[in-house]
Structures are given as C-alpha cells and as structure tokens.
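**Q** Have a look at this one before I ask anything.
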Amino acid sequence: MTVATALSPLQRLEVREACERLALDYSFFADAGRMDEWSRLFAEDGEMHLFGQVHVGPAAIRAAVGAGRPPEAFSVHAITNHRIDVVSEDAAEGTAYIIVFTGERKPGAPASVAQITPLMVGTYHDAYKRTPAGWKFARRAFEPLIATAQA
C-alpha cells in the first residue's frame, strides 16, 4: 500500500477522522438495531465479506445481515486498535479489532447474561472511499480470531 505523501497533515487527519467515524457509526447503528442506516454506510458497490460470503451494495448487505434478528436481541460491538492508512484524498485502508458481546433485552432493565464474555473477537479489514455522499466502506472484511465454543 502506498501512503499519501502529497496531502498535508491536516488533510490526512481529516481523512482518518472521517474513516474512524464511519467505523464507529457501523458499530453504533448495528447495536442500536438501525440497520437501514447501517447498510447505507457502504458505497453502492461496497462489499461486505462475512463468514465466507460476499455481499455487494447496501441493499444486499442489509438483506444478508440482521435479517430475522429478534427485537429482544442485543449486541455491543467494541472497536479497538483502529489503524487507518490514508492512500489518497479519496481512499484509505484500515484495520480494527472487534469484540462482540450479546445478550437479551429485558423490558425496563439492562440485558442480562450469566457471565459477561465476548461472543467473538476478530479483525475488520477495511477499504474506505470518498463518494459524493461522503465517506463509505468500499470493502469491509471480517476475520474471526476467537469464537465462543459451541456446546
């Protein structure tokens, strides 16, 4: 990967900030169940690589992810170690660790589980691009690293 050297430090910072916000919005919208907004974080030709499948475009990604999710389902996607490399004024690449917690909502109470343990830990490998509608995911590929053992 070639890192953009023709951009000023401020321009590189602005690109990194926009891409970081995109990744944070991804987790926020997913955890809030706002899946239509979540899917619009992808470019029209954006790709989501998930568990051996590739979904292309916001509509296909929306249809594939979160379909049939019960309303009581609750998740927290915690992002750490986010690294973003600016490729140009219109492109960047990045990685982030993701730790996923799940539970079941209870009316008027926090979600509860017997023990707070991550369901999964993995890495997102991202390509970001500037579009007329702002920064979007050109590609987001999930690489699972640790998963809860199935009984």
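**Q** Treating only the Cβ atoms of Lys and Arg (+1) and Asp and Glu (-1) as charged, compute the dipole magnitude of the chain about its Cα centre; round to the nearest 20 debye.
**A** In total the dipole reaches around 240 debye.
**Q** Once you charge only the Cβ atoms, +1 for Lys and Arg and -1 for Asp and Glu, what is the size of the charge dipole of the stretch 59-118 about its Cα centre, to the nearest 20 debye?
**A** Working: 5 positive and 6 negative charges, 87 e Å.
For this selection, approximately 420 debye.
**Q** Between the stretch 6-48 and the stretch 107-151, what is the separation of their alpha carbon centroids in Å?
**A** The two parts, judged by their Cα centres, are 14 Å apart.
**Q** Let me ask something else. Can you give the % of DSSP beta bridges in the stretch 1-149 that are antiparallel, to the nearest 5?
**A** Here the share of antiparallel DSSP bridges comes out near 90 percent.
**Q** Next question. Could you give P(r) for the chain, binned at 5 Å from zero, as whole percent values over all Cα-Cα pairs?
**A** Binned Cα distances yield the sequence 2, 9, 17, 21, 20, 13, 9, 5, 3, 1, 0.
**Q** Of all accessible surface on the chain at a 1.4 Å probe, what whole percent is carbon and sulfur?
**A** With neighbouring chains kept in place, the figure for the chain is 56 percent.
**Q** Would you mind getting the accessible area per residue of the chain, heavy atoms of the protein chains only, 1.4 Å probe, in Å²?
**A** Normalised by residue count, the accessible surface of the chain is 58 Å².
**Q** Another one. When the chain is fully extended, how far beyond the present Cα-Cα distance does residue 8 get from residue 95, taking 0.36 nm per residue of separation?
**A** 29.1 nm
**Q** Fully extended, how many nm does the chain gain between residue 119 and residue 148 (0.36 nm per residue separation, minus their Cα-Cα distance)?
**A** Length gained, residue 119 through residue 148: 9.9 nm.
**Q** Assuming 0.36 nm per residue, please report the length gained on full extension of the stretch residue 49 to residue 141 beyond their Cα-Cα distance.
**A** Between residue 49 and residue 141, full extension yields 32.7 nm more.
**Q** So, one more: Report the local net charge at residue 97: Lys and Arg +1, Asp and Glu -1, summed over other residues whose C-beta lies under 15 Å from its C-beta.
**A** -1
**Q** Just want to confirm a number: the relative contact order over the stretch 3-63, from Cα pairs under 8 angstrom separated by 6+ residues, in percent.
**A** Numbers: 42 pairs, mean separation 13.2, N = 61.
Normalised by residue count, the contact order of the stretch 3-63 is 22 percent.
**Q** In whole Å, largest first, what are the principal axis extents of the Cα atoms in the stretch 71-151?
**A** 47, 28, 18
The values are calculated or read from the model by the stated rules, or taken from the named source; none is laboratory data. All values derive from a computational prediction rather than experimental measurement. For neighbour counting, all protein chains shown are included, and Cβ atoms are generated from backbone atoms with ideal geometry for every residue, glycine included. Note: areas computed on protein heavy atoms with side chains; ligands, DNA, RNA excluded. Shrake-Rupley method; radii C 1.70, N 1.55, O 1.52, S 1.80 Å.
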